Amino acid sequence: MEVKVRPLKEEDYKGLREAMSAAYEGLGSVWRENSIMKLIDVFPEGQLCVEVDGKVAACALSIIVQYKLFGDDHTYEEITGNYTFNTHYDGGNVLYGIEVFVHPDYRGLRLARRLYDGRKELCERLNLKEIKVGGRLPNYHKYSDELSPREYIEKVKQKEIFDPVLSFQLSNDFHVVKVLKNYLKGDTESREYACLLEWNNIYYSQKKNTVTDAIIRLGLVQWQMRPFADIDKFMQQVEFFVDVLSGYKSDFALFPEFFNSPLLAAYNHLETHEAMRALARHTEEITRRIAELAIAYNVNIIAGSMPVVEEEKLYNVSYLLHRNGKKDEYRKIHITPNETRYYGITGGDNIAVINTDCGKVGILICYDVEFPELPRLLALDGMKILFVPYLTDTQNAYTRVRNCSMARAIENECYVAIAGCVGNLPGVNNMDIQFGQAAVFTPSDFAFPTNSIKAEATPNTEMTLIVDVDLNLLKELHHYGSVKTISDRREDLYQIIRVKK
């Protein structure tokens, strides 16, 4: 018999499905192929299998999470991002086990122990703090009429009762943290209870630039429109604000939509659509230089938005330039009639949460926030903070962005930060006047401000707004809020369906 532990591969799915079906016979469905493919894609090292004579006999699946964003009171749906695995974050500190199973034909060979040894080696190699698992209690239903979950666990620990999962975990140097209630929906054997267990990595050393608590500091720039002689002068002003926000230890710096539009002055002799395309030629350089600032000043920068030309099409693009050097982008999806008429901008076609060292965030540009479906999709994928760079010329246009942003914060149980340009820009076609007021909005419940406004800037004045938001409050709201706008949706009557391109 040839036995080896190795990373799971895409071509292993058929064997995995057969092994899991046999292991969980009568207990429900198996992992879908697209779920396994996503796990292999986002975290290939964390997906392990045991191959016996060329056949998949056992499997262990895991993700890395920034554990303080979830805490010890979580459900399986929460830790897996409602089975999307969008909660995985390479820069997290805990290896979380989401699945282990062994084909019944191979039980007794201690294959699960091999998988757990592989997890421990991975945890040490990646310098993760610990391994955590929510262990089912498959034999608890036999004793639930006479024993509480706590009493049951104690008897398993004393070896008075055998539980195939908990007994195995305890023998593998895991220790009990607490009982989890309503952990896995439909797990009638465990009465939906689970035992939170952990294994500590004694070789762990504290990482730099990781979330040490759930307080995230947001820095918003209320950007004054002014002429700039060239890109260097423009970048001096950008660096000034980055320096200021970094000095106050902000985790994020948010700039407005089209904040580089003063550079359009050099192209004022062109038609407006030609001028915007000319401005797009500078986007790559500006993005590169702002990315260098993000690293140098140790702050994640949402670089407002800038024009980008790709395959002859003009897009309105926002970049998130991480302080670790990573770059993400979002292309404005909903284009205003003004943008279509004057610039010929094309709408993007992708919406996705972005993993940062401060948790999952989303970006929508101005008009996008007036469409509730987009933020809802982001919220369902685990977004906690939504950034909205905007550019509005009149107060009524700003009011639309502001009021819709407030609504998005309430209905999606998240924070929403908005920042725009202010002042006048004479001599630049279609960019002459601006109205703006940066703000951070919250859900509406007892833990938050009564008006759902965490902070707001002085209207039409160049300034920064620095605000602390507590992600733990969102978690408490989700579980114990006066209303629960995410979980109380009537999905039996309506759902949002994402159309794949």
Could you say which residue among Ser29, Ser35, Ser21 is of a type in the set (Ser, Thr, Tyr) and assigned to a loop (DSSP other than H, G, I, E, B)? Ser29
Being at pLDDT below 95, under 23 Å from the mean Cα position of the chain (by Cα) and surrounded by fewer than 19 Cβ atoms within 10 Å (Cβ to Cβ), is that true of even one residue in region 215-222? yes
Within the group Pro227, Pro256, which residue is in contact with a Gly (Cβ under 9 Å, 6 or more places away or on another chain), farther than 21 Å from Lys327 by Cα and not aliphatic (A, V, I, L, M)? Pro227
Answer with yes or no whether Leu48 is of a type in the set (A, V, I, L, M, F, W, C), assigned by TED's automatic domain parsing to the domain that holds Glu189, surrounded by 20 or more Cβ atoms within 10 Å (Cβ to Cβ) and touching a Pro at 6+ places or on another chain (Cβ under 7 Å). yes
Is one or more of the residues making up region 58-73 out of contact with any Cys (no Cβ under 8 Å at 6 or more places or on another chain) and under 30 Å from Met1 (Cβ atoms)? yes
Of Arg226, Arg150, the only residue that is of a type outside the set (A, V, I, L, M), surrounded by 12 or more Cβ atoms within 10 Å (Cβ to Cβ) and more than 30 Å from Leu263 (Cβ to Cβ) is Arg150
Being hydroxyl-bearing (Ser, Thr, Tyr), within 22 Å of Ile363 (Cβ to Cβ) and touching a residue at least 40 places away in the same chain (Cβ under 8 Å) narrows it down to one residue among Thr283, Thr287, Thr272; which is it? Thr287
Could you tell me how many of the residues in region 296-316 are buried (at least 23 other Cβ atoms within 10 Å of the Cβ) and on the phi > 0 side of the Ramachandran plot? 1
Among the residues of region 91-102, is any touching a Gly at 6+ places or on another chain (Cβ under 9 Å), of a type in the set (Gly, Ala, Ser) and touching a residue at least 12 places away in the same chain (Cβ under 8 Å)? yes
Picked from region 309-352 (must be of a type in the set (Val, Ile, Thr) and in contact (Cβ under 8 Å) with a residue 12 or more places away in the chain), the residue nearest to Tyr89 (Cα to Cα) is Ile351
For region 136-150, indicate whether the set of residues that are touching a helix residue (DSSP H, G or I) at 6+ places or on another chain (Cβ under 6 Å), farther than 25 Å from Asn201 by Cα and touching a residue at least 40 places away in the same chain (Cβ under 8 Å) is non-empty. yes
Can you tell which of Arg119, Arg113 is surrounded by fewer than 17 Cβ atoms within 10 Å (Cβ to Cβ) and farther than 21 Å from Thr188 by Cα? Arg113
Please state which one of Ala379, Ala457 is in contact (Cβ under 8 Å) with a residue 24 or more places away in the chain, under 15 Å from Phe255 (Cα atoms) and surrounded by 17 or more Cβ atoms within 10 Å (Cβ to Cβ). Ala457
Asn93: under 26 Å from Glu192 (Cβ atoms) and either assigned by TED's automatic domain parsing to the domain that holds Lys129 or small (Gly, Ala, Ser) (or both), yes or no? no
Filter region 370-395 for residues that are in a loop (DSSP other than H, G, I, E, B) and closer than 22 Å to Glu339 by Cβ and give the result. Phe371, Pro372, Leu391, Thr392, Asp393, Thr394
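The values are calculated or read from the model by the stated rules, or taken from the named source; none is laboratory data. Keep in mind the model is a prediction, meaning the values are calculated, not measured. Methodologically, a virtual Cβ is constructed for each residue, glycine included, from the backbone with ideal geometry; neighbour enumeration extends over all protein chains shown.
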